[in-house]
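Colleague: Below is the structure I would like to discuss, written out as structure tokens.
Bear in mind these aren't lab numbers, they're just calculated from the coordinates by the rules spelled out. Worth saying up front: this structure is predicted, and the values here are computed from it rather than measured. No Cβ is skipped: glycine too gets one built from the backbone with ideal geometry, and neighbour counts run over all protein chains shown.
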Amino acid sequence: MDENQLAGYADKNQLPPPSERIPAIRWLKQNLFSSWFNAILTIVSTVLIMTIVFGLLRWALEARWEVIPANLKLLLVGTYPVEHLWRVWATVYLIAFLLGFSSGAHGGLMRRVSTTAALVSVVLAVLPFPWGTRGWLLGIAVAAVAGFGLGYLGKGIRWCKRLEIASWILSFPISLIFLNGVGGILPVIKGRTMWGFMLNLIGAVVGIGLSFPVGVLLALGRRSKLPAIRLVCTAYIEIIRGVPLISLLFMASIMLQLLLPASVRPDLLIRAMLTITAFSAAYMAENVRGGLQAIPQGQYEAAYAVGLNRALTTILIILPQALRIVIPAIVGQFIALFMDTTLFGFIAILELLNITRSIMGNLEWRGTIFELYAFIGIVFWILCYSMSYVSRRIEKTLGVGER
Amino acid sequence: MSRKVSSSHSVPFWRDVRVLRVIGQIAFLVIIATGIWWLLNNLRVNLRACGLKISFSFLRNTAGFPISEGLPYSPTDVNGYAFWVGIVNTIRISVIGIVLATIIGTVIGIARLSNNWLVKKLAGLYVEVVRNIPLLVQLFFWYFAVMLTALPMVKNSIKLPGPIYLTRRGVYLPWVAPTGSFGGWMWYIIIGLVLAIAVYVFRRAYLRRAERPGFPLIWAGLVLILVLGAGWFLTSGNPLALTIPVLKRFNFEGGLWLSTSFTSLLVGLSVYTGAFIAEIVRAGILAVSRGQTEAARAVGLKKAHVLRLVVLPQALRVIIPPLASQYLNLTKNSSLAILIGYYDLMNVGTTIFNQTGRAVEMILLIMASYLTMSLLTSLLMNYYNRRMKLVER
């Protein structure tokens with residue numbers, strides 16, 4: 001026991017409480033065998049765990065895992081042409097760079113996220129991929145480190161933060177245009193309804209990004225004192241929330257062209273994106289409304305007292321506070337939306353889940369159904385679990401529910 | 001002086017907030033109405049181009065497609081009835097799924113709070129795994145991987161105690177079926193129910209007057225069982241008979257058959273929703289502070305009474321609203337049935353659309369059906385919520 005630790009105690013003779021460590025036997029007794037009922041539960045669950053673990057192990061050792069590496073490109077980016085794959089990598093680099101930049105400028109949670117991303121890319125690069133892929137993977141870490149350096153240098157500069165926010169917002173349309181191509185400069189990639197897992201990610205990002213402004217407006221409308229606006233917003237939110245997403249997708253696939261003039265014929269992917277935005281906006285509105293309701297009346301009154309009008313009060317005082325509170329809820333909605341993008345298969349879009357059907361249809365890979373579903377499950381699980389972990393951390397740092 | 005201030009006439013009407021509000025709302029409504037009119041006009045033009053007209057008369061035409069489960073139905077029935085069969089199938093899967101999910105959720109939710117370390121971790125693992133994998137992936141797993149690939153053919157079916165048979169054609173369970181004398185026994189059910197309700201009401205009123213805690217539901221249950229039991233002996237012949245699935249030459253006969261689609265949808269939906277309900281139950285129990293339980297024990301209530309009179313009413317108040325939205329989610333998620341071939345209303349609706357080409361009408365019908373179910377559930381839940389709230393100070 002060193003001096004510093006003891007210095008905090010008033011009486012030097014008084015020792016700190018005994019450490020929490022308890023012998024293993026007593027821990028077992030307390031946590032697993034405290035009563036006969038508990039002992040039975042322990043034994044039953046041990047048997048259950050053993051059965052599951054051994055069953056999974058036996059299956060995993062016999063499974064034909066080669067189906068995954070052989071079709072990895074197809075699963076992740078679908079029919080995206082190989083000679084244009086650098087665009088996908090460049091988009092990933094852009095995001096990694098921005099993550100690094102933010103972590104350099106802020107530290108904290110951002111730093112942990114970007115460090116994890118960089119580490120994962122390095123670990124993946126060690127795996128036996130082709131050498132070209134390994135090089136691309138290492139590039140992610142390089143981009144993150146470069147971003148980190150720049151962010152760290154620019155920490156003190158005043159316009160740095162604005163630049164950061166602007167580049168985050170701009171990065172999404174830039175990535176989408178980059179992936180899709182623009183007439184004249186970058187060739188437009190054909191068959192964009194067949195991009196595999198990339199479509200799941202794009203769907204969720206576009207859905208959240210576009211539905212955010214709409215959702216905020218709907219939430220404000222639902223809380224408006226003007227009955228006409230309130231009624232329309234409430235009706236929209238409740239109708240959308242009352243029907244399943246699949247019925248909206250069905251509507252988008254067969255009815256949207258009936259509601260638009262003959263000259264406007266958006267393609268399937270755009271219709272799907274519009275649908276998921278319209279769907280997500282209603283849920284976003286309810287999340288934001290929750291944040292708005294958490295703002296105490298005093299904030300409004302104080303803002304009016306210093307002479308702000310309604311609009312300015314909402315924009316400058318209420319929304320910044322309300323949106324800060326709902327960040328975890330929005331992350332949760334993003335996760336839900338990300339998982340919902342698997343429904344795109346219903347309208348013949350080849351996203352990750354739907355593209356596995358074409359692999360299963362291939363004679364060479366017959367009977368690999370468990371391997372493929374396991375792969376999909378693991379990919380979604382890792383991404384969703386880590387996102388919900390980050391969201392819980394944000395919740396803690398924001399101190400939501402503690403004020 | 002004061003007159004000048006109070007007279008609002010000095011404010012011109014274009015700066016009067018009250019007038020501006022009305023004008024603003026009218027402008028908003030005009031914009032919305034124009035948008036809707038534009039869409040409907042496009043619809044009219046487009047439909048005319050295809051030579052179609054909105055009408056629901058196709059519902060009286062013969063459906064012509066088979067539905068393999070649910071109410072008695074044949075392809076010669078009309079479209080409208082086929083859609084009704086779909087609605088009933090949706091309600092069937094939702095109700096059974098809700099019951100199962102609630103059971104799973106309650107058990108797992110309590111297990112997460114267990115003081116047994118292993119049980120706690122196991123329940124936590126279940127929740128984290130199930131919640132972070134898309135429902136559709138889980139449904140496909142149950143349907144394509146488990147039911148259609150892993151399970152054996154009818155000949156070498158897996159036999160569970162019961163006997164329950166798991167095969168690639170579905171699940172066969174023993175079941176009770178009403179026999180010819182069921183009609184006579186039905187009178188005893190009615191009498192028993194009436195008596196049980198009367199006993200419940202009187203006993204509860206008595207307990208209220210005496211200001212004593214008690215379990216009137218148990219008394220009512222006993223009465224019901226007594227009447228039903230007496231009826232069983234007084235009726236000639238057994239009113240209900242057990243039918244057990246037996247393997248005949250090609251398939252099982254007797255018992256209750258659950259189709260592969262139904263079974264995988266039921267398992268998938270209840271496992272998925274159960275994980276969410278578990279979190280709700282856990283939060284609800286944690287929301288009741290320890291002091292409440294201790295105080296109730298201190299005033300001398302028995303353990304069962306503490307749970308029923310102190311903990312549950314407070315926990316339920318936290319649990320009910322999110323639980324209601326989970327029930328709604330399950331009902332809406334049952335529309336994924338279309339992707340694994342169960343004939344719910346979505347599936348029947350799209351089939352009718354494929355047969356008749358009536359897009360607008362079918363979408364209206366499908367959406368209206370889901371909205372009605374959502375509205376009914378939330379009305380019911382709001383009513384229940386209000387009743388629970390009255391308990392508050």
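Colleague: Where in chain B is the longest stretch that carries no GluC sites (Glu not before Pro) classed as loop by DSSP and with at most 13 other Cβ atoms within 10 Å? List each step's numbers first, then the result.
Modeller: Working: sites that count: B:E211, B:E392.
Value returned for the longest uninterrupted segment is B:1-210.
Colleague: Enter the Cα centre distance for the pair segment B:239-288 and segment A:127-143, rounded to the nearest angstrom.
Modeller: 47 Å
Colleague: How about B:K121: which lysines have a C-alpha closer than 24 Å to its C-alpha, ignoring those fewer than 8 places off in the same chain?
Modeller: Partners found: A:K29, A:K396.
Colleague: Where nothing but the Cβ of Lys and Arg (+1) and of Asp and Glu (-1) is charged, how large is the charge dipole of segment A:269-398 around its Cα centre, in debye to the nearest 20? Spell out each step's value before the answer.
Modeller: Numbers: 9 positive and 7 negative charges, 41 e Å.
Roughly 200 debye, rounded to the nearest 20.
Colleague: Hey, if you put +1 on the Cβ of every Lys and Arg and -1 on every Asp and Glu Cβ in chain B, which of B:N46, B:P213, B:A337 ends up farthest toward the positive end of that dipole?
Modeller: B:P213
Colleague: Turning to a different aspect of this structure: If you average the C-alpha positions of segment A:334-352 and of segment B:203-219 separately, how far apart do those two centres end up, in angstrom?
Modeller: The two parts, judged by their Cα centres, are 53 Å apart.
Colleague: Could I ask something else about it? Looking only at other chains, what is the average number of their beta-carbon atoms within 10 angstrom of each beta-carbon in A:247-257?
Modeller: On the way: counts 12, 2, 0, 11, 7, 0, 1, 8, 8, 1, 3.
Mean partner-chain Cβ count within 10 Å for A:247-257: 5.
Colleague: Collect residues whose amide H, placed 1.01 Å from N in the peptide plane, falls under 5 Å from the amide H of B:A241; neighbours closer than 5 in sequence don't count.
Modeller: When sequence neighbours closer than 5 places are left aside, the close amide H contacts are B:A177, B:T179.
Colleague: May I ask you to list, by number, the DSSP H helices of chain A whose Cα span along the axis is at least 20 Å and whose average Kyte-Doolittle hydropathy reaches 1.6 or more?
Modeller: Details: long enough: A:36-62 (39 Å, 1.63); A:85-106 (32 Å, 1.15); A:109-126 (26 Å, 1.54); A:131-153 (33 Å, 1.19); A:159-180 (31 Å, 1.00); A:197-222 (36 Å, 1.82); A:227-242 (22 Å, 0.97); A:268-293 (38 Å, 0.78); A:319-340 (29 Å, 1.46); A:369-398 (43 Å, 0.96).
Those that pass (Cα extent of 20 Å or more, hydropathy at least 1.6) are A:36-62, A:197-222.
Colleague: Still on this structure: Residue separation times 0.36 nm, minus the C-alpha to C-alpha distance between A:L226 and A:S263: what's the value?
Modeller: On the way: separation 37, 0.36 × 37 = 13.32 nm, distance 3.67 nm.
Difference between extended and current length: 9.6 nm.
Colleague: Which ordering of B:K155, B:K121 is given by a fewest-first count of other beta-carbon atoms within 10 Å?
Modeller: B:K155, B:K121
Colleague: List the relative contact order of segment A:193-403 as a percent without decimals, with contacts defined as Cα pairs under 8 Å and 6+ residues apart. It would help to have the intermediate numbers written out before the result.
Modeller: Working: 198 pairs, mean separation 61.4, N = 211.
Value for segment A:193-403: 29 percent.
Colleague: Next up: Local charge sum around A:F370 (other residues, Cβ-Cβ under 13 Å, Lys/Arg +1, Asp/Glu -1)? Mind showing how you got there, number by number?
Modeller: Numbers: positive: A:R58, A:R64, A:R366; negative: A:E62, A:E371.
Taking every other residue near A:F370 into account, the sum is +1.
Colleague: Using the per-residue mean of other Cβ atoms lying within 10 Å as a proxy for protection, in what order, highest first, do the peptides A:312-323, A:92-103, B:91-102 fall?
Modeller: Numbers: A:312-323: 15.5, A:92-103: 22.4, B:91-102: 19.0.
So the peptides A:312-323, A:92-103, B:91-102, ranked by packing, come out A:92-103, B:91-102, A:312-323.
Colleague: I would also like to ask the following. Note down the net charge around A:M110, summing +1 for each Lys or Arg and -1 for each Asp or Glu among other residues with Cβ under 11 Å from its Cβ.
Modeller: Working: positive: A:R111, A:R112, A:R393; negative: A:E164.
Net charge around A:M110: +2.
Colleague: In addition: Suppose the Debye formula is applied to equal point scatterers at every Cα of the protein assembly as shown; what is log10 I(q)/I(0) at q = 0.07 Å⁻¹?
Modeller: Reported log10 I(q)/I(0), two decimals: -0.70.
Colleague: Output the relative contact order of chain A, whole-number percent, from Cα pairs under 8 angstrom with separation of 6+ residues. Please list the in-between numbers first.
Modeller: Working: 376 pairs, mean separation 71.7, N = 403.
Here the relative contact order equals 18 percent.
Colleague: Right, here's the next one. Mean Kyte-Doolittle of at least -1.0 plus a Cα span of 18 Å or more along the axis: flag which DSSP H helices in chain B meet both, please.
Modeller: B:17-50, B:79-112, B:117-131, B:182-210, B:216-234, B:260-287, B:312-333, B:359-389
Colleague: Still on this structure, please answer the following. On a C-alpha basis, how far is the centre of segment A:69-113 from the centre of segment A:180-196 in Å? Whole number, if you could?
Modeller: Comparing the Cα centres of segment A:69-113 and segment A:180-196, I get a distance of 18 Å.
Colleague: If you don't mind, there's one more thing I want to ask. Compute the relative contact order of chain B as a whole-number percentage, counting only Cα pairs closer than 8 Å that sit 6 or more residues apart in sequence.
Modeller: Dividing the mean separation by the residue count of chain B yields 21 percent.
Colleague: Mind listing which chymotrypsin sites (Phe, Trp or Tyr not before Pro) in segment B:205-301 are in a DSSP loop and have 10 or fewer other Cβ atoms within 10 Å? Kindly include the intermediate steps, with their values, before the conclusion.
Modeller: On the way: sites: B:Y206, B:W219, B:W232, B:F233, B:F250, B:F252, B:W257, B:F262, B:Y272, B:F276; in loops: B:F250.
Those that pass, being in a loop and sparsely packed, are B:F250.
Colleague: If you don't mind, another one. Take every residue in peptide A:309-315, count the Cβ atoms of other chains within 10 Å of its Cβ, and give the average of those counts. Numbers along the way, then the final one.
Modeller: Numbers: counts 0, 1, 0, 0, 0, 0, 0.
Mean inter-chain Cβ contacts per residue within 10 Å come to 0.
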